[in-house]
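What follows is a set of notes on a single structure, which appears directly below.
The values are calculated or read from the model by the stated rules, or taken from the named source; none is laboratory data. None of these values were measured; they are calculated from a predicted model. In this analysis, Cβ positions are derived from the backbone assuming ideal geometry, glycine residues included, and neighbour counts consider all displayed protein chains.
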Amino acid sequence: MAPLQTPLCSEINIEHPVVQAPVGSVSTPALAAAVADAGGLGMLAMSWREADSIRDAYTAAAAATDGVVGVNVVLDESTGVLSPSACLDACLDAGASVVSFSFGDAEQYIDRVHAAGGTAMVTVGSAAEARIAVDAGADVVVAQGREAGGHVQSDVTTMALLPRVADTVEVPVVAAGGLGDGRGLAAALTLGADGGWFGTRFVATEESGAHETYRQRIVDAPETATRFTDLFDRGWPDQPHRVLETDEVRQQAEHDSDELDDASDPEQIAQTPDCEPISRFADMPPLAGMTGDVEALPHYAGQSAGLTQDVRPAGEVVARLVSDARAALADASATAE
């Protein structure tokens, strides 16, 4: 498959402008490696890991591919296992050459990435934030629209946000939120992006760490199936997120918010494969090997969920995104003529 090259590809040495979003524990080393092997940027979420686990995860992914694997560091200190600074240290120590920052001010961290010879990406929710990030040294900005799944840091839709950001900065821009297929990638490129950030689509892949029921719910979901909420905030207080509207979400929507806040000792509803308990309203998504009421856990997904028709290998997803984007761009060019 011939490369689909943009300035993003040149900046981080990838073949195609496809970025696999770091969707928490769903982003396994196998998933990141498969995306990287197919010519995209594979990503690992590192903020919920201990230092040794960060190094092990990155080493496992990097050893499985000749492509590029990046890492994400959440800067909101109210969540995560390590401080953002310690998390970044572990990532750089492991050899990460692409570091993505989100949910906070990245200025004090970007120079450390550059000193290690790496590339710094910063997620933004407005044109003003994009300018601040670039002034701080960001090499790439990720414009995240409100349609995105998981934790969201923007109040603006991707179609409105993306061209504003692209007009504001001169570094490569990656579009995030609402992209689910090659047509979405083509649309983002047309609006000024240099790449697309795909989370929900990569949850429904063979290599993801998602529980089977979680992957299947995404496949079955229409575009109307998500809810923007702050329900699952045990672990990351007051941070809004987009999830599938499961029975749990519908039932809790009927309760008064004060009643939910008063639940100081929440019910234990599921267990990790290591038998660690998971409480109701925890921010942990359903992962492979979990037992218990996994349906009551947050099924993070964006409004692009309706575009996911099946579970397939991540490498095939990358190839399909690229081929469909090429076709969409060609059709648009032909129509313009």
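Go through Leu185, Leu179 for me and flag whichever is part of a loop (DSSP other than H, G, I, E, B), closer than 21 Å to Ala21 by Cα, touching a strand residue (DSSP E or B) at 6+ places or on another chain (Cβ under 6 Å) and touching a residue at least 60 places away in the same chain (Cβ under 8 Å).
Leu179
Across region 157-176, what is the total count of residues that are closer than 18 Å to Ala133 by Cα and either aliphatic (A, V, I, L, M) or not in a helix (DSSP H, G or I) (or both)?
12
Please go through region 70-92 and pick out each residue that is in contact with a helix residue (DSSP H, G or I) (Cβ under 6 Å, 6 or more places away or on another chain) and without any contact (Cβ under 8 Å) to a residue 40 or more places away in the chain.
Result: Val73, Leu75, Leu88.
Do we have any residue at all in region 149-156 that's touching a Pro at 6+ places or on another chain (Cβ under 7 Å) and among the β-branched types (Val, Ile, Thr)?
Within region 149-156, one or more residues are touching a Pro at 6+ places or on another chain (Cβ under 7 Å) and among the β-branched types (Val, Ile, Thr).
Looking at region 147-160 only, could you name the residues that are closer than 27 Å to Asp283 by Cα and in contact (Cβ under 8 Å) with a residue 24 or more places away in the chain?
Selection gives Glu147, Ala148, Gly149, Gly150, His151, Val152, Gln153, Ser154, Asp155, Val156, Thr158.
Select, from Arg217, Arg183, the only residue that is assigned by TED's automatic domain parsing to the domain that holds Leu41, among the basic types (Lys, Arg) and crowded, with 16+ Cβ neighbours inside 10 Å.
Arg183 is the lone residue from the list that is assigned by TED's automatic domain parsing to the domain that holds Leu41, among the basic types (Lys, Arg) and crowded, with 16+ Cβ neighbours inside 10 Å.
All but one of (1) touching a residue at least 40 places away in the same chain (Cβ under 8 Å); (2) surrounded by 24 or more Cβ atoms within 10 Å (Cβ to Cβ); (3) assigned to a helix (DSSP H, G or I) hold for Ala32; which doesn't?
With respect to (1) touching a residue at least 40 places away in the same chain (Cβ under 8 Å); (2) surrounded by 24 or more Cβ atoms within 10 Å (Cβ to Cβ); (3) assigned to a helix (DSSP H, G or I), Ala32 is out only on (1).
Restricting attention to region 310-331, does a residue exist that is loosely packed, with under 11 Cβ neighbours inside 10 Å, over 19 Å from His151 (Cβ atoms) and modelled with pLDDT under 95?
No, region 310-331 has no match at all.
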